[in-house]
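Report on the structure given below.
The values are calculated or read from the model by the stated rules, or taken from the named source; none is laboratory data. Treat the numbers as computed from the prediction; the structure is a model and nothing was measured. Ideal geometry is used to build each Cβ from the backbone, glycine not excepted, and the neighbour counts take in all protein chains shown.
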Amino acid sequence: MRILHCIVDDKFIDEEINIFEDTKGKHYMEYIFIAENNNNHFTYIKNKELIRVIPMGESVEYINKGDFDLVILHSLNSIPIGYISKIKNNVKILWKAWGFDLYRYPNEIRPFIKLKRLKPLTKKYWNKNYKKQRIINLKVFIYDLIYNKRIKQSIERIDYFSGCLPIEYKLIKDSVPYFKAKHLPFAYFDRKDPFTDENIDHYPQLDSYILVGNAAGVPNNHLDILAKLKCNTTAERKILLPLNYGGDGKYIDYVINDAKSYWGDNNIVALRDFMPKTEYFKLLEKCGYAIFGHEQQAALGNIYKMLWQGSKVFLSETSVNFKYFKSIGMIVFSIQSDLTLKSINRSLSMEEKKNNREVILKHSSVKDALNEICNIYTTVEKDKV
């Protein structure tokens, strides 16, 4: 079977290429980056020798002449939306949906899955400082209304869907009437992740730092989380703010200054430069507590890391993340109801830590993730007959 991956320049892609290369067996794999020009400069991707840069105007012809059995779209940003419906009907298409795809696409005003992503303080900041973006969002919304048929045809053309959480399949199916794809889940993962039976009894020695968010994007709702924390922690508490991925400088400065106004310069660890994953994950072991303020699915790598190492994790009780983790038996806590001075100073019991590890091994182990990749091959081969 010939499989084509349409990729984007992101930190997840290198390891996914390695995994597909190692599991491909008899299957042929190819990886393309569709570009507006022939620029092959990548910010995050290191496996450049395996990637072919295809000019945007030539991409549909390249796909259709390649005799591919399956095209995997690593987010809708990997290909112009109108091109999907132009792919030959005998080619199966698997859409690996990222958070942007579901919660901000085709436009911010009316995405596929509509959520109230911003909390009050963050919303107030956004309305004041992103007025130009609001105008852009309105223009994109109007544009998408005009070209809605093109979007509809492309989504209808997709054969298989994988979100980042299983519940996202039902969310998009309930929200988008022309969505017809079958559920064929697979997860992005790192084979060096510790989520194995062999590592189940080893727990790192955690410190009392509090992790707030996973990136610099506004949907982290940093301002609302920090306001809640100010009422429920002492000014001596150490706060870790990963602000080295996404976002913009003005917002990053505002968040850092807001945090330092209460906890002071010495108690705020603000990350602004991108770090290797191993180095970053080692730093997370200082954090016995973590708070993620997203409403959409987000920060899963960070959340799984924190749960596995035994940290106490707080999520918005109205969020996609919270609902999913609660549904599978994970012990996580509500920002709205559980984030109190007492709770943020009481770590998980060993029984609670073990429960969370067992749930991860049941639902998200490295072995399970590898099996999902292999299931893609067998499912598509069966459907192609």
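Condition test on Q297, is it within 21 Å of the chain's Cα centre (by Cα), buried (at least 20 other Cβ atoms within 10 Å of the Cβ) and farther than 27 Å from R104 by Cα? Criteria not met by Q297. Just one of the numbered conditions (1) touching a residue at least 12 places away in the same chain (Cβ under 8 Å); (2) out of contact with any Leu (no Cβ under 7 Å at 6 or more places or on another chain); (3) more than 23 Å from I84 (Cα to Cα); (4) not basic (K, R) is not true of I136: (1).
Per-residue answers, yes or no, for (1) among the hydrophobic types (A, V, I, L, M, F, W, C); (2) over 13 Å from I210 (Cα atoms); (3) in the same structural domain as I13 (by TED's automatic domain parsing):
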| site | (1), (2), (3) |
| --- | --- |
| F281 | yes, yes, no |
| E295 | no, yes, no |
| W308 | yes, yes, no |
| S316 | no, yes, no |
| G329 | no, yes, no |
| V332 | yes, yes, no |
| I335 | yes, yes, no |
| R346 | no, no, no |
| E351 | no, yes, no |
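For the stretch 372-381, filtered to residues that are β-branched (V, I, T) and touching a strand residue (DSSP E or B) at 6+ places or on another chain (Cβ under 9 Å), the residue that is nearest to K192 (Cα to Cα) is I376. Look through T196, T234 and report the one residue that is free of Cβ contacts under 8 Å to residues at least 12 places away in the same chain and β-branched (V, I, T). Exactly one residue qualifies, and that residue is T234.
The residue list Y304, Y289, Y324 contains one member that is more than 27 Å from L171 (Cβ to Cβ) and outside the structural domain of K114 (by TED's automatic domain parsing), which is Y289.
Within the stretch 55-75, residues that are aromatic (F, W, Y) sit with their Cβ atoms under 7 Å from residues that are assigned to a loop (DSSP other than H, G, I, E, B) and at pLDDT 95 or above, at 6+ positions apart or across chains, in these pairs: F68/V91.
Name the residue that is farthest from Y188 (Cα to Cα), counting only residues in the stretch 315-368 that are touching a Gly at 6+ places or on another chain (Cβ under 9 Å) and polar (S, T, N, Q). Looking at residues that are touching a Gly at 6+ places or on another chain (Cβ under 9 Å) and polar (S, T, N, Q), I get S347.
Step by step: first the residues of the stretch 138-170, then only those that are buried (at least 19 other Cβ atoms within 10 Å of the Cβ) and part of a helix (DSSP H, G or I), then the one that is modelled with the lowest pLDDT. Which residue is that? Taking the candidates together, the pick is I151.
Can you name the residue in the stretch 211-226 that is touching a Leu at 6+ places or on another chain (Cβ under 6 Å) and in a helix (DSSP H, G or I) and, of all such residues, is surrounded by the fewest Cβ atoms within 10 Å (Cβ to Cβ)? Checking each candidate, the answer is D224.
Residue by residue, here is whether (1) surrounded by 16 or more Cβ atoms within 10 Å (Cβ to Cβ); (2) farther than 19 Å from L341 by Cα holds:
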{"residue": "D248", "(1), (2)": "no, yes"}
{"residue": "Y251", "(1), (2)": "yes, yes"}
{"residue": "A259", "(1), (2)": "yes, no"}
{"residue": "I268", "(1), (2)": "yes, no"}
{"residue": "F292", "(1), (2)": "yes, no"}
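If I ask for residues that are more than 13 Å from F195 (Cβ to Cβ) and surrounded by 15 or more Cβ atoms within 10 Å (Cβ to Cβ), which ones from the stretch 353-371 would you list?
Applying the first criterion (more than 13 Å from F195 (Cβ to Cβ)) to the stretch 353-371 yields 353-355, 371.
Correct list: K353, K354, N355.
Within the stretch 12-28, the set of residues being surrounded by 16 or more Cβ atoms within 10 Å (Cβ to Cβ) and within 24 Å of the chain's Cα centre (by Cα) comprises F12, I13, D14, E15, E16, I17, I19, F20.
Just to be sure before I move on: is I113 over 25 Å from L4 (Cα atoms), in contact with an Asp or Glu (Cβ under 8 Å, 6 or more places away or on another chain) and among the hydrophobic types (A, V, I, L, M, F, W, C) in the structure I sent? Yes.
Of the residues making up the stretch 247-285, just one is within 20 Å of the chain's Cα centre (by Cα) and on the phi > 0 side of the Ramachandran plot, namely G247. Among all positions in the stretch 241-257, there is at least one residue which is in a strand (DSSP E or B), of a type in the set (A, V, I, L, M, F, W, C) and more than 20 Å from H74 (Cβ to Cβ).
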